[in-house]
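Since the structure comes first, as structure tokens, the remarks are kept for the end.
The values are calculated or read from the model by the stated rules, or taken from the named source; none is laboratory data. None of the values given here were measured: they were computed from a predicted structure. Backbone-built Cβ (ideal geometry, glycine too); neighbour counts: all protein chains shown. Keep in mind that these areas ignore ligands, DNA and RNA; they rest on the heavy atoms of the full protein, side chains included. Shrake-Rupley method; radii C 1.70, N 1.55, O 1.52, S 1.80 Å.
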Amino acid sequence: MPDPVLSVRNISKSFGTVRALTDVRFDVRAGEVHALMGENGAGKSTLMNILGGVFQPDRGEILLKGQLQRIAGPAAAQALGIGLVHQEIALCPDMSVAENIFMAETNASRAMWMKPADLRQRAEAALAELHPVPAGEKVGDLPIASQQIVEIAKALTLKCDVLIFDEPTAALSETESQSLFRIIARLKARGIAIIYISHRMAEIFALADRITVFRDGGYVDTLDAANTDPEEVAAKMVGRPLLDLYPPRREASEAEPVLTVENLSDNGCLRDVSLAIRPGEILGLGGLIGSGRTETAQAICGLSKRRSGRIFHNGKEISQADYLSSISQGIVYLSEDRKGSGIFLDLSIAQNISALDLRRVSGRLAVNRTAEAAQAEAMRDRLGIRCADVHQSVGTLSGGNQQKVALAKLLAVEPKVLFVDEPTRGVDIGAKAQIYAILRSLADQGSAIVMISSEMTELIGVSDRIVVLHEGRVAGEVSGEGMTEENIMHLASGLGSARAGPVDHSQEISSASR
């Protein structure tokens with residue numbers, strides 16, 4: 001058994017009165033993928049930020065190649081050969097893709113003095129293995145998925161002995177994720193030690209050699225991936241067996257549509273999109289990144305302008321409107337980019353939850369803070385938001401708890417039509433089950449849900465039917481036994497009608513990682 005490249009011993013960390021880590025241990029060996037799993041708030045990202053030099057531990061030891069180290073900051077971590085792909089994208093939006101990728105180099109001064117054309121050429125080479133992204137384009141102008149690819153490419157340019165991936169596929173399509181898995185396999189073969197954090201069980205069991213589980217900031221167990229299964233890992237994460245991840249589907253709704261879209265086009269990628277959304281159903285919106293899923297939702301909700309097409313709400317045509325108008329009609333949108341547009345990081349949980357409609361918690365002249373806090377406490381209990389209290393800043397919460405706050409903000413206005421874009425991005429398996437149950441409960445109460453997800457098993461497991469987009473058009477619809485990965489990918493790739501019959505794709509991720 002080789003000695004670990006990196007070890008942590010009895011690491012503890014607190015933020016004020018909140019204990020994030022208590023005497024945790026973890027190690028990773030050269031040439032292995034060691035997965036770190038746990039619910040949101042279990043301490044995974046806190047430990048990775050300590051290893052990346054972002055936080056300093058309160059106590060404990062870090063050993064790199066057997067030598068005791070103090071990692072004073074991110075630059076020190078890079079100098080020691082530790083690279084970190086953050087869960088929350090940490091790029092400079094006003095700089096180009098190429099400039100962002102090479103900003104993290106130890107010899108950054110060399111990159112700064114390179115000719116722009118040479119810098120772009122190097123960036124294009126770094127991106128080629130992942131997914132084409134315009135190297136000269138401003139990062140702030142890119143969609144969230146492309147920004148995630150830039151974040152990964154930035155880390156891959158570093159000369160690392162240890163490379164940490166914190167939810168790297170949360171915003172990626174299946175195709176882009178498989179490209180990343182192939183790169184990880186090559187890095188592993190070169191002897192690089194890889195720490196991998198993900199809530200996607202299929203990824204963990206396709207990639208990992210060992211799995212360590214944290215719960216409530218403490219160490220639980222380390223397991224050989226070959227000798228365990230998702231059920232055992234999930235039970236260790238939540239402290240109990242986890243039954244029935246996906247709620248039962250409804251019978252096909254015969255109700256009149258609550259929202260009908262006819263020939264919707266915008267000034268970008270959408271071309272004659274038509275669909276109907278019925279009360280009491282969860283409609284999945286599938287397709288590859290760039291297919292127009294998010295653009296469709298935003299155009300319907302008034303977050304972007306439509307060039308042509310008609311939208312009917314309860315049989316009445318909606319004129320070209322803005323998002324405020326949509327909210328007033330009970331039509332809301334959960335952004336895929338919670339950090340950029342889903343929540344206000346500097347405001348409290350209570351202030352975030354009340355933000356869409358302050359009238360619900362206001363008196364004649366001002367916000368009633370008691371009513372605002374009561375509303376937030378009810379949502380905290382309903383969604384299982386982990387926090388010290390509802391006056392805590394959202395920016396201090398884990399990524400998954402931030403996502404729950406973003407969802408709570410929508411639920412506070414009692415919507416009738418919800419567009420939820422990647423609703424479980426960065427959320428642990430226990431919280432996923434909660435969110436699925438909440439969405440199903442809302443549907444059972446008569447709300448119409450449109451869910452966009454890049455996670456195929458989630459899209460199939462939660463939806464009553466799925467409309468698939470390809471290059472801004474509706475490629476087709478699947479339901480019942482036709483909701484298979486093969487059928488969805490067939491339509492999403494522009495290959496025509498869905499094929500008949502279910503197909504077992506359980507080996508796809510595994511083969512992609514080899």
Item to complete: Might you let me know whether region 182-204 holds any residue that is of a type outside the set (A, V, I, L, M), within 16 Å of the chain's Cα centre (by Cα) and part of a helix (DSSP H, G or I)?
Response: yes
Fill in: Filtered residue count, region 19-69, keeping only those that are under 20 Å from Leu223 (Cα atoms) and assigned to a helix (DSSP H, G or I)
4
Discussion item. Can you tell me how many residues within region 440-455 are closer than 13 Å to Val417 by Cα and part of a loop (DSSP other than H, G, I, E, B)?
Written reply: 3
Worksheet entry | Flag for Ser291 being of a type in the set (S, T, N, Q), within 27 Å of Thr175 (Cα to Cα) and in contact with a Leu (Cβ under 6 Å, 6 or more places away or on another chain) | yes
Discussion item. Can you tell me which condition Arg122 does not meet? The list is (1) closer than 27 Å to Arg338 by Cβ; (2) buried (at least 16 other Cβ atoms within 10 Å of the Cβ); (3) touching a helix residue (DSSP H, G or I) at 6+ places or on another chain (Cβ under 9 Å), and all the others hold.
Written reply: (1)
Worksheet item: Looking at (1) in contact (Cβ under 8 Å) with a residue 40 or more places away in the chain; (2) assigned to a strand (DSSP E or B); (3) over 28 Å from Asp337 (Cβ atoms); (4) not basic (Lys, Arg), which is the one condition that is false for Leu264?
Response: (3)
Fill in: Subset of region 457-496 [within 26 Å of Gln434 (Cβ to Cβ), buried (at least 20 other Cβ atoms within 10 Å of the Cβ) and among the hydrophobic types (A, V, I, L, M, F, W, C)]
Leu459, Val462, Ile466, Val467, Met483, Ile488
Worksheet, complete the sentence: Of those in region 412-439 that are part of a loop (DSSP other than H, G, I, E, B) and in contact with a Ser or Thr (Cβ under 8 Å, 6 or more places away or on another chain), the residue modelled with the lowest pLDDT is Thr424
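For every residue, the table says whether it meets (1) open to solvent by 40 Å² or more (accessible area, probe 1.4 Å); (2) among the basic types (Lys, Arg); (3) modelled with pLDDT of 90 or more.
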residue	(1), (2), (3)
Ser7	no, no, yes
Ile11	no, no, yes
Ser14	no, no, yes
Arg29	yes, yes, yes
Gly41	yes, no, no
Worksheet item: Does region 359-375 contain at least one residue that is free of Cβ contacts under 8 Å to residues at least 40 places away in the same chain and under 29 Å from Arg306 (Cβ atoms)?
Response: yes
Worksheet item: Can you list the strands (runs of 3 or more DSSP E) found entirely within region 288-354 that contain at least 3 residues being open to solvent by less than 40 Å² (accessible area, probe 1.4 Å)?
Response: 306-313, 331-334
Response to the item:
For region 234-256, pairs from a residue that is outside any helix (DSSP H, G or I) and at pLDDT 75 or above to a residue that is open to solvent by 100 Å² or more (accessible area, probe 1.4 Å) and of a type outside the set (A, V, I, L, M, F, W, C), with Cβ under 6 Å and 6 or more apart or across chains, are none
